[in-house]
Amino acid sequence: CSLREQLSSVHGITFSITALAFPLKLNEGYFLKTVKVIHLNPHIYIGDKEIRTSVIPEHKDPPPEVGRSFLGYASFKVGELLKSKEQLLSLSLRTSDGGRVVGTIEVRVLKMGEIEDGDTDHITTDVQGQKCALVYECTAPESVSGKDNSPFLSTVLKNPVCKLYRFPTSDNKWMRIREQMSESILSFHIPKELISLHIKEDLCRNQELKELGELSPHWDNLRKSVLTHCDQMVTMYQDILTELSKETGSSFKSSSSKGEKTLEFVPINLHLQRMHVHSPQLKDALYDVITVGAPAAHFQGFKNGGLRKLLHRFETERRNTGYQFIYYSPENTAKAKEVLSNINQLQPLVATHADLLLNSASQHSPDSLKNSLKMLSEKTELFVHAFKDQLVRSALLALYTARPGGILKKSTSPKDSAEESSPQDQPPPMRRQDSIPHHSDYDEEEWDRVWANVGKSLNCIIAAVDKLIERDCSSEEGAGGGRSKDGEKDLSLEDSTASHTREDWYEQLQPLILTLKECMGEVVSRAKQSLTFVLLQELAYSLPQCLMLTLRRDIVFSQALAGLVCGFIIKLHTSLRDPDFLQQLGSVGLMVQYEGLLSTYSDEIGMLEDMAVGISDLKKVAFKIIEAKSNDVLPVITGRREHYVVEVKLPATMFELLPLQIKEGQLLHVYPVLFNVGINEQQTLAERFGDVSLQESINQENFELVKEYYSTFLEKMPPDYISHFQEQNDLQGLLDNLHQNIQVKKRKNVEIMWLAATICRKLNGIRFTCCKSAKDRTSMSVTLEQCSILRDEHQLHKDFFIRALDCMRREGCRIENVLKNIKCRKYAFNMLQLMAFPKYYRPPEGTYGKADT
Ligand SMILES: O=P(O)(O)O[C@H]1[C@H](O)[C@@H](O)[C@H](O)[C@H](O)[C@@H]1OP(=O)(O)O
């Protein structure tokens, strides 16, 4: 510290000195291990001025072990070092009496990160001797106003840690801050839900593969091999689920467990980080950030990169390798899964409505019959519509050629780029587009006939119902409504007519319903088989690799989804009384903004590649809010890999507050975006010797997504709201600024994160901050964000900005987070690392150091 103070007064040279003070070459095990007790005291000169560097404050007596552990002195002139050819001095280390040489020490110039930009006023943000205003712990998680932790939220959030602070405002009043950090049982609940769904989906697909019918030997062998692997995968998912189910009541996976196989689906160190501000003359305000380790497949590792690269490479290879299978584009494969899922849902639905119609017929109730018919017609139309896809036709043909004896006799020229011919028992040639075959003998119209029969039989039912109702009316009129002339009911006549027509209605409709079901069965069986054949192609290429990629994607998605659901529920809960928010939720959807602090160097490249795909996959999720009918308010997930619906349950009193459409089950969408800025020493290396293009393209792509979201927001929210919103917020200005910052290619441009976070908060979105473990860098970032908000929105006294920041980092929730993860109260940074960090991301002295992470 004294060195820093002295150096900072020497203009122009501080940078080199700070850089010099720490990287004394201590990378040999011996030195590293002993440096703490050696008290290596080189004398540093600036010009003629000698500066002592010592770990022992000059005014204090050396601790007793110094005599035993003191190794030696060395001194040098900075000028000499700077002038030296290699920027390196090799010095003899002498005993304290200046006699014996006890070793050598190398001193070299090292330029790191911001230090190079001349930003060297201090290594850490600590202001020595200036304690923060006030901080104390509180056990109960009550809010400043005592309102924001309802029993509902506490069913999801667990083990809160709370800290209270008091900081002065610029007009010398006090603001009170409650910082809260809670873990969530969703960390485990969502992965379990999701894995169960994967098992269900995969079992169903495996069954459909088995039911594909007779295939020619080539395809049959392929199917057998696919089934063997797929069954193994299901077993693996089942084992993981069994293991996870043993973790009853768990709500936290520590950073040190990130590589554990059985916990792979669980997000790392997931927490709600909340700041509740109560400042004089201003409204109370809540600021939430979900902090979580970047969703990534740590157990599988990053040797070959992460999902973004792996998926791209896999798809390119698959497209270019016309070998033993038919190539369907990812879009077509996804469509096949969608149609299959629609069929599986719609067929039983149509069957149910058909039975309800018969039920109405047997009750002889015209109104009920009309209603049942309406429902049946609607569902049957949806059913018919589900098959209206060229893919079903081409898949039928492909399957036809794969049946025994179904060899292609001649190829026709492709109708469009998505349909080319492909001989089946021999490897097809290389092709870049979908290689769907054609067959001259194939009767395409047969499918049309089968398909049209569903519509035709529905029409028959409609006509029959109309006729029955018509006849019923006229017979009632003819019979005088069953009344005698004097107005008395002629019971005997009514009874006989009723029993006759009741029997008639049921009997007349029943065969028609049977025909409809048969026609549907025929369509379903053909379409299902053909689309399952498309899925077989997806699995056929590079089988184990394909399944490992699916597993990796499932793992990453599960971690991302757990965080999202947690964020969504908290956001919904805190904004339930805000009608503008609810309107935005229903009509625009919610922006979910992720701040990534990963470096684009070494393993973290792979993590970032995983994270980018995991977050982008969240687009496939929609939320639905339902009324809780019991004490079980945990969310339920339905759907399949291409599309999930998360049902969030709200207690009746809260559910009542929702707009009608949402109460009626409107699907609520989310718009995930990710901005990443690496800040550590690894990022310095990436910038110097590596590649930052991954970060650049992610930021660029996601900026476009934010822009799109904002235009939808402007379009869908009411004009009055928008004009008020625009008066209050210069969102366009922020967007332009963000865009410029993304374009400018400045090193460690943390402005990008601040702007993206501000845009998200202004647009009522959900904030996330992530690094590898959500422990060290994340803690620096969220505390900085909190203090910046206090400064910009709550008039924190400017002299207290750094003190508040240090105070939060030293004594706030985040150091507890570190403790909770690694059982040690130290951020896992060393001096060298911190020198590379942007200034405001450095924790105070004494809070960081070697930690066994
Ligand atoms: O929470 P993180 O910032 O991902 O923790 C890092 C830390 O930044 C780094 O300095 C340290 O060397 C470790 O790699 C930490 O990661 P762990 O996952 O090991 O906690």
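The values are calculated or read from the model by the stated rules, or taken from the named source; none is laboratory data. If you're wondering where the values come from, they're calculated on a predicted model, not measured in any experiment. Ideal geometry is used to build each Cβ from the backbone, glycine not excepted, and the neighbour counts take in all protein chains shown. Surface areas here come from the heavy atoms of the whole protein model, side chains and all, with no ligands, DNA or RNA. Shrake-Rupley method; radii C 1.70, N 1.55, O 1.52, S 1.80 Å.
Summary table
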{"item": "Residue check, Tyr721 farther than 18 Å from Asn676 by Cβ, part of a helix (DSSP H, G or I), touching a strand residue (DSSP E or B) at 6+ places or on another chain (Cβ under 9 Å) and not charged (D, E, K, R)", "result": "no"}
{"item": "Within the range 821-835, tally of residues that are open to solvent by less than 30 Å² (accessible area, probe 1.4 Å) and near the ligand (Cβ under 10 Å from one of its atoms)", "result": "6"}
{"item": "Any pair with Cβ under 6 angstrom, 6 or more apart, that starts in the range 440-454 at a residue that is at pLDDT 80 or above and ends at one that is surrounded by fewer than 17 Cβ atoms within 10 Å (Cβ to Cβ)", "result": "Val450/Glu522"}
{"item": "Given (1) assigned to a helix (DSSP H, G or I); (2) open to solvent by less than 50 Å² (accessible area, probe 1.4 Å); (3) within 16 Å of the ligand (Cβ to nearest atom); (4) free of Cβ contacts under 8 Å to residues at least 60 places away in the same chain, number of the condition Met780 does not satisfy", "result": "(4)"}
{"item": "Search result, residues across the range 735-775 that are among the charged types (D, E, K, R), within 16 Å of the ligand (Cβ to nearest atom) and open to solvent by 10 Å² or more (accessible area, probe 1.4 Å)", "result": "Lys748, Lys772"}
{"item": "Residue list for the range 770-803, filter: touching a Phe, Trp or Tyr at 6+ places or on another chain (Cβ under 8 Å), at pLDDT 95 or above and of a type in the set (A, V, I, L, M)", "result": "Met780, Leu784, Ile789, Leu790"}
{"item": "Count of residues meeting criterion [part of a helix (DSSP H, G or I), of a type in the set (Gly, Ala, Ser) and over 27 Å from Ile343 (Cα atoms)] in the range 166-224", "result": "1"}
{"item": "Selection count, the range 785-820, where residues are open to solvent by 20 Å² or more (accessible area, probe 1.4 Å), among the aliphatic types (A, V, I, L, M) and within 16 Å of the ligand (Cβ to nearest atom)", "result": "1"}
{"item": "Which listed residue, of Leu561, Leu576, is over 19 Å from the mean Cα position of the chain (by Cα) and more than 16 Å from the ligand (Cβ to nearest atom)", "result": "Leu576"}
{"item": "Given (1) touching a residue at least 60 places away in the same chain (Cβ under 8 Å); (2) in contact with a Ser or Thr (Cβ under 9 Å, 6 or more places away or on another chain); (3) within 14 Å of the ligand (Cβ to nearest atom); (4) not β-branched (Val, Ile, Thr), number of the condition Pro844 does not satisfy", "result": "(3)"}
{"item": "Selection from the range 515-542 of residues that are among the hydroxyl-bearing types (Ser, Thr, Tyr) and open to solvent by less than 20 Å² (accessible area, probe 1.4 Å)", "result": "Ser530, Thr532"}
{"item": "Residues located in the range 701-713, provided they are open to solvent by 60 Å² or more (accessible area, probe 1.4 Å) and touching a residue at least 40 places away in the same chain (Cβ under 8 Å)", "result": "none"}
{"item": "Helices (runs of 4 or more DSSP H) lying entirely in the range 591-695 (those with 1 or more residues that are surrounded by fewer than 18 Cβ atoms within 10 Å (Cβ to Cβ) and not hydrophobic (A, V, I, L, M, F, W, C))", "result": "652-655, 660-663, 681-689"}
{"item": "Some residue of the range 244-265 being among the aromatic types (Phe, Trp, Tyr) and in a helix (DSSP H, G or I)", "result": "no"}
{"item": "Enumeration of residues in the range 262-277 that are hydrophobic (A, V, I, L, M, F, W, C) and open to solvent by 10 Å² or more (accessible area, probe 1.4 Å)", "result": "Leu263"}
{"item": "Criterion: assigned to a helix (DSSP H, G or I), out of contact with any helix residue (DSSP H, G or I) (no Cβ under 6 Å at 6 or more places or on another chain) and away from the ligand (no atom under 16 Å from the Cβ) - qualifying residue of Arg318, Arg308, Arg274", "result": "Arg318"}
{"item": "Failed item in (1) buried (at least 16 other Cβ atoms within 10 Å of the Cβ); (2) on the phi > 0 side of the Ramachandran plot, with Lys309 passing the rest", "result": "(2)"}
{"item": "Test: Phe302 is in a loop (DSSP other than H, G, I, E, B), within 16 Å of the ligand (Cβ to nearest atom), open to solvent by 10 Å² or more (accessible area, probe 1.4 Å) and more than 20 Å from Leu561 (Cβ to Cβ)", "result": "yes"}
